[in-house]
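The values are calculated or read from the model by the stated rules, or taken from the named source; none is laboratory data. If you're wondering where the values come from, they're calculated on a predicted model, not measured in any experiment. With ideal geometry, Cβ positions are generated from the backbone for all residues, glycine too; neighbour counts draw on all protein chains shown.
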Amino acid sequence: MAQYVATKKLSIEDWVKGLAAIPESEFTLQNVQDYVIRHAVRPESLEKYCFFSKGNYTRNLVFRNALFECMTLCWDIGQHSRIHNHRGQNCWMSAPIGRLRIQNYRVDNRDSSKGTCRIVPTEVYDLDAAHPTYVNPMEPVHEVMNLAEFNQRALSIHIYSKPFDSCEVYYRDDGSYADVPLFFTSEYGKLNPSEKIL
């Protein structure tokens, strides 16, 4: 992937205001990607949305309206997501702190009556401050990993349009898939009472 140099560095609050100023008719895959490439988030402005847990990566809501939601995901060393989709919605990602490995998958032989399919690894690439990206709508199933060899924590920013509260998760061991509800560790900078951060 080509290396990009952002022309502006903004606080997360100003960055989200810029996103919210994009009219719905122009909130396209390419237009939002162009915005993410041109505007970097200053890492020091993310402290309010930075919660790490030893148990799992965390999801921290920054902004949500009817058109899109923006959140930080905080990854300790060695943590990874499950293999999942995004409910047919567009997704853009940047990583102002650290580095992440993205593994895409193709879904074959899907049998909704049995809840089974075969997932086939396809493209793999790294996400960091210089390489923002978006999820390919033609191949939206993927896994995000903060590999132990990267030897540092990572924080990524994700934009989903439109917002969704569940996704499909795919299990390699038995070839099944299932709907899984999604939860936030924190919302608007406040830790949810049910969450334990270690």
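Go through the residues of segment 108-123 one by one and say whether even a single one is of a type in the set (Asp, Glu), within 18 Å of Met145 (Cβ to Cβ) and without any contact (Cβ under 8 Å) to a residue 60 or more places away in the chain. Give the steps one after another, and end with the answer.
Just the residues of segment 108-123 that are of a type in the set (Asp, Glu), to begin with: 108, 111, 123.
Filter again for within 18 Å of Met145 (Cβ to Cβ), leaving 123.
Those still in the list that are without any contact (Cβ under 8 Å) to a residue 60 or more places away in the chain too: 123.
Looking for residues that are of a type in the set (Asp, Glu), within 18 Å of Met145 (Cβ to Cβ) and without any contact (Cβ under 8 Å) to a residue 60 or more places away in the chain, one finds at least one in segment 108-123, hence yes.
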When only residues in segment 147-159 that are assigned to a loop (DSSP other than H, G, I, E, B) and touching a Lys or Arg at 6+ places or on another chain (Cβ under 9 Å) count, which is farthest from Val124 (Cα to Cα)? Gln152
The condition from (1) polar (S, T, N, Q); (2) in a strand (DSSP E or B); (3) surrounded by fewer than 18 Cβ atoms within 10 Å (Cβ to Cβ) that Ser94 misses is numbered (3)
Quick one: would you say Ala66 is touching a Leu at 6+ places or on another chain (Cβ under 7 Å) and of a type in the set (Gly, Ala, Ser)? no
Within segment 28-78, which residues are touching a residue at least 24 places away in the same chain (Cβ under 8 Å), of a type in the set (D, E, K, R) and under 27 Å from Thr7 (Cα atoms)? Arg38, Arg42, Lys48, Arg64, Glu69
Report, by residue number, each residue of segment 160-174 that is assigned to a loop (DSSP other than H, G, I, E, B), at pLDDT 95 or above and surrounded by 13 or more Cβ atoms within 10 Å (Cβ to Cβ). Lys162, Pro163, Phe164, Tyr171
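Among the candidates Val180, Val144, Val124, single out the residue that is in a strand (DSSP E or B), surrounded by 14 or more Cβ atoms within 10 Å (Cβ to Cβ), of a type in the set (Val, Ile, Thr) and under 20 Å from the mean Cα position of the chain (by Cα). Write out each step before concluding.
Values: Val180 fails: surrounded by 14 or more Cβ atoms within 10 Å (Cβ to Cβ); Val124 fails: surrounded by 14 or more Cβ atoms within 10 Å (Cβ to Cβ).
Being in a strand (DSSP E or B), surrounded by 14 or more Cβ atoms within 10 Å (Cβ to Cβ), of a type in the set (Val, Ile, Thr) and under 20 Å from the mean Cα position of the chain (by Cα) holds for just one of Val180, Val144, Val124, which is Val144.
Specify the residue that is farthest from Ser186 (Cα to Cα); the eligible residues are those in segment 18-60 that are part of a loop (DSSP other than H, G, I, E, B) and among the polar types (S, T, N, Q).
Residues of segment 18-60 part of a loop (DSSP other than H, G, I, E, B): 21-23, 27-28, 42, 50-57.
Right, trim to among the polar types (S, T, N, Q) and you get 28, 53, 56.
On the way: Thr28: 28, Ser53: 12, Asn56: 14 Å.
The qualifying residue farthest from Ser186 (Cα to Cα) is Thr28.
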Out of everything in segment 69-91 that is part of a loop (DSSP other than H, G, I, E, B) and touching a helix residue (DSSP H, G or I) at 6+ places or on another chain (Cβ under 7 Å), what residue ends up being surrounded by the most Cβ atoms within 10 Å (Cβ to Cβ)? Ile77
